[in-house]
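Participant: Shown below is the structure under consideration.
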Number of protein chains: 2
Amino acid sequence: MFQGKQSWMFNSKPVIISSATAVGPFEGKGPLSNDFDIINEDIWLGQDSFEKAEKVLLEQACSKAIEKSNLKKEDISFFLSGDLMNQIITSSFAARTLSIPYLGVFGACSSAMEGLAVAAQLVDSSNANYVLAGAASHNASVEKQFRYPTEYGGQKPPTAQWTVTGAGAALIAKTGNGPKVTGATIGKVVDMGLTDPFNMGSAMAPAAVDTIEAHFRDFKRDINYYDLVITGDLGAVGHRIAGDLLIDHEIKIPEEKFADCGLLIYSEEQPIIAGASGCGCCATVTYGHLLKKISNREFNKILVIATGALLSPLSYQQKESIPCIAHAVAIEN
Amino acid sequence: MFQGKQSWMFNSKPVIISSATAVGPFEGKGPLSNDFDIINEDIWLGQDSFEKAEKVLLEQACSKAIEKSNLKKEDISFFLSGDLMNQIITSSFAARTLSIPYLGVFGACSSAMEGLAVAAQLVDSSNANYVLAGAASHNASVEKQFRYPTEYGGQKPPTAQWTVTGAGAALIAKTGNGPKVTGATIGKVVDMGLTDPFNMGSAMAPAAVDTIEAHFRDFKRDINYYDLVITGDLGAVGHRIAGDLLIDHEIKIPEEKFADCGLLIYSEEQPIIAGASGCGCCATVTYGHLLKKISNREFNKILVIATGALLSPLSYQQKESIPCIAHAVAIEN
């Protein structure tokens, strides 16, 4: 069977039989609002902390995805999820609610595609019938943990990105109707020495390019195979750098085929500076927006490269640079 | 093929072709000191922070495991690792050093067996040739993050456990010499409402029992199949509770076949209160001590159930209870 150096080809073509997204009010005012299943009007989601609100977002997305599939949660073999909270409490506490055997994953904002890749791999290898993959972030919980509480009103530089309040979940099965997960490429850690947590896009861009290059090499493909190659949350700054790096690496991707989830979810009127970020960014854009575009045949083959900055506030305080990673998943009709 | 409700049977019997452990000075004074590859005399490992010391421990274990296998790191398909630091920086920064495609996993102290289970699954399904699975913890970094800095000298209750300064790594391959990974059971989150981070063993015991029960059910086995059933880090208090719960659930495991890694690594003279804990506990005891006992045929079939408390300091501050999980891996000659 196929075994690329750092890639998996899923010959049985596992199906995304359902997916769901839940977002906050700010995301509900953006251009993709029609693509989301649940738009919460209350940024607290009725909870007394932003961390608990983030957990409810993930539970909403997971419950909705299960509901759409007409399965019971007892039918689902495994739940794979990750988030940005310390000790991924969002995912673990949602796993407590769901009561499905649980594998916690962590790749920072790349967690959505890490989960989807491993979920598809489990189904493809007949080690699971149904796997639920999720990821979530909440603007206020993430800003508070990684930078400053939003109430503090700190000024941000033009390279800063806006953490998405949102969660996405996808349910993968051996057979059924829906877009198919056909392959995945697992990233290496790439660290170019950047240290600024207000400039994640620049730090993550080389990791995205490294994984795109590995994917094309392992699958012996080029851009002609795909209708769209879309990164997770590089934002405006990182997207431009990734474009330049691709040219340096002699990988040709025409501008109209190269996009970033972090540049799609908000409108230009929304004050998000350099674009969106967070685990919920790639998760909601992929599971809400992109899967719809595949279902209606606007795209037939896409490659989603979720990017993650693997720092912690503590590693930053200890003057470490920011290790980054990107995991790519191919989704096709 | 076999597919238990929450278990995988590895028909190709992936082999642990090498493993290695690195520990701190305190562990080097314990009864298992001859089982560890590297005993560091300096708790700082020459670093200027305990977090960096923890990362070096993991790098030591990984490098040693690769060295023993006579492979080059370029031969290894994937590195799976987890730890207790926020955003698992120990694992991610070690992944930067190793430069092997990396899947971050998180199951708190169950991370070692989560990584080993998924690693064996990847090799068994022919989705990888060689996979390195690791886990680490450091007493001072973990105590500082979850409880108090050790320099503070806070008093601890008799239920408290001692976080192991140690890392373990195992290299899994399709063929070769060594103990075989024959199956795994992935746990559900179990939360009995306990809230005391100084009493993790009691919180985790029900999760361990839940996974043992699921394992025996999925594989249609009982204790007669195994020479030893060993939990990760329940300590004295949790071990006793687990024993009582097994009786309640009518699962018979004779006392001499039921052990806990957290009760093996230190001697009674060492002031560790209720036993050992931390990702490094199950990792060093399994990859150092237990694999040697399998190699010299003292045991032929063991089941290792790594237990994890999925709390964060923040979830504790928000008065949440402690969700727990346990993942079991069967290792056989």
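The values are calculated or read from the model by the stated rules, or taken from the named source; none is laboratory data. Bear in mind the structure is a predicted one, so any value in this text is a computation, not a measurement. Every residue, glycine as well, gets a Cβ built from its backbone with ideal geometry; the counts of neighbours run over all protein chains shown. Ligands, DNA and RNA are stripped out before the accessible areas are found, and what is left, the full protein with its side chains, is counted by its heavy atoms. Shrake-Rupley method; radii C 1.70, N 1.55, O 1.52, S 1.80 Å.
Participant: Among the listed residues B:A214, B:A242, B:A184, which satisfies the condition of being more than 17 Å from the chain's Cα centre (by Cα), surrounded by 21 or more Cβ atoms within 10 Å (Cβ to Cβ), within 14 Å of another protein chain (Cβ to nearest Cβ) and modelled with pLDDT of 95 or more?
Facilitator: Only one candidate qualifies: B:A214.
Participant: Would the stretch A:53-67 turn up any residue that is assigned to a loop (DSSP other than H, G, I, E, B) and surrounded by 24 or more Cβ atoms within 10 Å (Cβ to Cβ)?
Facilitator: no
Participant: Something else about it: Look at A:D233 and say whether it is assigned to a loop (DSSP other than H, G, I, E, B) and either at pLDDT below 95 or touching a strand residue (DSSP E or B) at 6+ places or on another chain (Cβ under 7 Å) (or both).
Facilitator: yes
Participant: Report every pair of residues separated by at least 6 positions or lying on different chains whose Cβ atoms are under 6 Å apart, first residue within the stretch A:291-303 and farther than 13 Å from A:V229 by Cβ, second assigned to a loop (DSSP other than H, G, I, E, B) and among the aromatic types (F, W, Y).
Facilitator: A:K293/A:F299
Participant: Also: Just to verify a result, which residue in the stretch B:18-45, among those that are assigned to a strand (DSSP E or B) and touching a residue at least 24 places away in the same chain (Cβ under 8 Å), is nearest to B:A276 (Cα to Cα)?
Facilitator: B:V23
Participant: Looking at the stretch A:303-333, which of the residues that are more than 14 Å from the chain's Cα centre (by Cα) and away from chain B (no Cβ under 13 Å) is most open to solvent (accessible area, probe 1.4 Å)?
Facilitator: Checked the stretch A:303-333; the qualifying residue most open to solvent (accessible area, probe 1.4 Å) is A:N333.
Participant: Identify, from the list A:A128, A:A136, the residue that is open to solvent by less than 10 Å² (accessible area, probe 1.4 Å), more than 8 Å from chain B (Cβ to nearest Cβ) and either part of a loop (DSSP other than H, G, I, E, B) or at pLDDT 95 or above (or both).
Facilitator: Details: A:A128 fails: more than 8 Å from chain B (Cβ to nearest Cβ).
Within the list A:A128, A:A136, the selection yields A:A136.
Participant: Further question: Which numbered condition in (1) touching a Phe, Trp or Tyr at 6+ places or on another chain (Cβ under 9 Å); (2) closer than 22 Å to A:A184 by Cβ is the only one that A:P206 fails?
Facilitator: Against the list (1) touching a Phe, Trp or Tyr at 6+ places or on another chain (Cβ under 9 Å); (2) closer than 22 Å to A:A184 by Cβ, A:P206 comes up short only on (1).
Participant: Which numbered condition in (1) at pLDDT below 95; (2) away from chain B (no Cβ under 14 Å) is the only one that A:P197 fails?
Facilitator: Status for A:P197: all satisfied but (2).
Participant: What number of residues in the stretch A:68-91 are assigned to a helix (DSSP H, G or I) and either among the β-branched types (V, I, T) or closer than 22 Å to B:Q6 by Cβ (or both)?
Facilitator: In the first step, residues of the stretch A:68-91 are kept if they are assigned to a helix (DSSP H, G or I); the result is A:68-69, A:73-75, A:86-91.
From the residues that got through so far, the ones that are either among the β-branched types (V, I, T) or closer than 22 Å to B:Q6 by Cβ (or both) too are A:69, A:73-75, A:88-91.
Count: 8.
Participant: Can I ask one more? Go through (1) polar (S, T, N, Q); (2) more than 14 Å from chain B (Cβ to nearest Cβ); (3) open to solvent by less than 30 Å² (accessible area, probe 1.4 Å) for A:S141 and report which single condition fails.
Facilitator: Checking A:S141 against (1) polar (S, T, N, Q); (2) more than 14 Å from chain B (Cβ to nearest Cβ); (3) open to solvent by less than 30 Å² (accessible area, probe 1.4 Å), the one that fails is (2).
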